[in-house]
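J.: Pasting a structure below so you can have a look.
The values are calculated or read from the model by the stated rules, or taken from the named source; none is laboratory data. Source: prediction; values computed, not measured. Here the Cβ positions follow ideal geometry from the backbone for every residue, glycine too, while neighbour counts run over all protein chains shown.
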Amino acid sequence: MLNFITLSAVRLFFFLLACSLLSCVPKPVVRGELQGQIKWQGEVHVQGDVILAEGSVLTIAPGTKVVFLPLPDAMDDLNQHPYFPGSEIIVRGQIIAQGTAREPIQFQFVDPTAEPGSWGGLNIEGSERAHFEFCIFRQSDSAIHARNSWVVVENCLFEHNLVGIRFHDTNILIEKNLLQNNDAGIRFHFGSPVICKNLLRNNGKGLFITSEPREYTIENNSFIGNSPYEVSLGEGVQEAVVLKNNFWGKQTTASLPGKLYDGRKDDWLGTVDFLPMRSIPDPDVGGQWNR
């Protein structure tokens, strides 16, 4: 009987020790400015306006979860455009976040049930390199917001954000991503984007071009069920926008203009040139790992 009690006590001790190690050890909380060569892995908590200094490099390992914490208004110094309310990362150096299909990198709010806009975003400004692959972004204001930078976004999932990808004056490749259930999937003005083989579905606006698109390629994407508009043009777009060779779901040449906010609805705006339309989706659209 004594041996049984002793064995039970030992088991209980090791059980409590394991629980302590797994759940009671506090996660690292990142605040302030980051400098030098930095690597994140495991679970990292972010609070406030975290700035990656110019000349610094942040590398995020596959499988890492980056969790954004609530921020009292009194602590939120950078909360006006081009920044956002809440915790965010301001990238003035380089960021490399390359996960894998088996181990994606996640960016989300600490409460997984919170609304879109619960954290700010990744504000990339003047960066020589920002590369995101196999990443998941949820609950942000603008998950990726790039200005005057060089950016690659491929095989990522954006869902339940106010804006998935937002940029201006930026050279950016956006390829094989799934953007769904955001207020807007992709929003930009100026810039030189290549936007190919993405699946934009069930967003409020699939693609929102606000002003003066320049050299751009937007083709072989699938726009499905974005409501009210698959594509919306802002008042700064007065020329035709070429969106040939994209797939539009069940829309036909007759019905698709009703899902476009362009010169057909407001004669101040340019019109979307969508012909020819793809009859079937590109086989690589939206990647396959996150379906």
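Matching residues to (1) β-branched (V, I, T); (2) touching a Leu at 6+ places or on another chain (Cβ under 9 Å); (3) touching a residue at least 12 places away in the same chain (Cβ under 8 Å):
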residue: L179; (1), (2), (3): no, yes, yes
residue: I195; (1), (2), (3): yes, yes, yes
residue: I209; (1), (2), (3): yes, yes, yes
residue: Y229; (1), (2), (3): no, yes, yes
residue: L233; (1), (2), (3): no, yes, yes
residue: Q238; (1), (2), (3): no, yes, yes
residue: G258; (1), (2), (3): no, no, no
residue: D273; (1), (2), (3): no, yes, yes
residue: P281; (1), (2), (3): no, yes, yes
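J.: Answer yes or no: is there a residue in the stretch 252-260 that is out of contact with any Asp or Glu (no Cβ under 6 Å at 6 or more places or on another chain) and modelled with pLDDT under 95.
T.: Step one: filter the stretch 252-260 for residues out of contact with any Asp or Glu (no Cβ under 6 Å at 6 or more places or on another chain), giving 252-258, 260.
Now drop any that are not modelled with pLDDT under 95, which leaves none.
Scanning the stretch 252-260, I find no residue that is out of contact with any Asp or Glu (no Cβ under 6 Å at 6 or more places or on another chain) and modelled with pLDDT under 95, so the answer is no.
For (1) out of contact with any Gly (no Cβ under 7 Å at 6 or more places or on another chain); (2) modelled with pLDDT of 95 or more; (3) buried (at least 17 other Cβ atoms within 10 Å of the Cβ), each residue gets a yes or a no:
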{"position": "K65", "(1), (2), (3)": "yes, yes, yes"}
{"position": "A74", "(1), (2), (3)": "yes, no, no"}
{"position": "P82", "(1), (2), (3)": "yes, no, no"}
{"position": "P85", "(1), (2), (3)": "no, no, no"}
{"position": "I90", "(1), (2), (3)": "yes, yes, yes"}
{"position": "I96", "(1), (2), (3)": "yes, yes, no"}
{"position": "P104", "(1), (2), (3)": "yes, yes, yes"}
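J.: Sticking with this one: Name every residue in the stretch 183-230 that is at pLDDT 95 or above and small (G, A, S), in order of residue number.
T.: Passing the criteria: A184, G185, G204, G206, S222, G225, S227.
J.: May I pose another question? Examine the stretch 162-171 for a residue that is crowded, with 24+ Cβ neighbours inside 10 Å, of a type in the set (A, V, I, L, M) and within 12 Å of the chain's Cα centre (by Cα), and state whether such a residue exists.
T.: Yes - at least one qualifying residue is present in the stretch 162-171.
J.: Could you list, in sequence order, the residues of the stretch 241-263 that are crowded, with 18+ Cβ neighbours inside 10 Å and in contact with a strand residue (DSSP E or B) (Cβ under 7 Å, 6 or more places away or on another chain)?
T.: Of everything in the stretch 241-263, those that are crowded, with 18+ Cβ neighbours inside 10 Å and in contact with a strand residue (DSSP E or B) (Cβ under 7 Å, 6 or more places away or on another chain) turn out to be V241, L243, N246, F247, W248, K259, L260, Y261, D262.
J.: Among the numbered criteria (1) surrounded by fewer than 24 Cβ atoms within 10 Å (Cβ to Cβ); (2) without any contact (Cβ under 8 Å) to a residue 60 or more places away in the chain, which one does D183 miss?
T.: For D183, the failing item is (2).
J.: Still on this structure, please answer the following. Report, by residue number, each residue of the stretch 266-276 that is part of a loop (DSSP other than H, G, I, E, B) and either among the small types (G, A, S) or exposed (fewer than 15 other Cβ atoms within 10 Å of the Cβ) (or both).
T.: Correct list: D266, D267, W268, G270, L275, P276.
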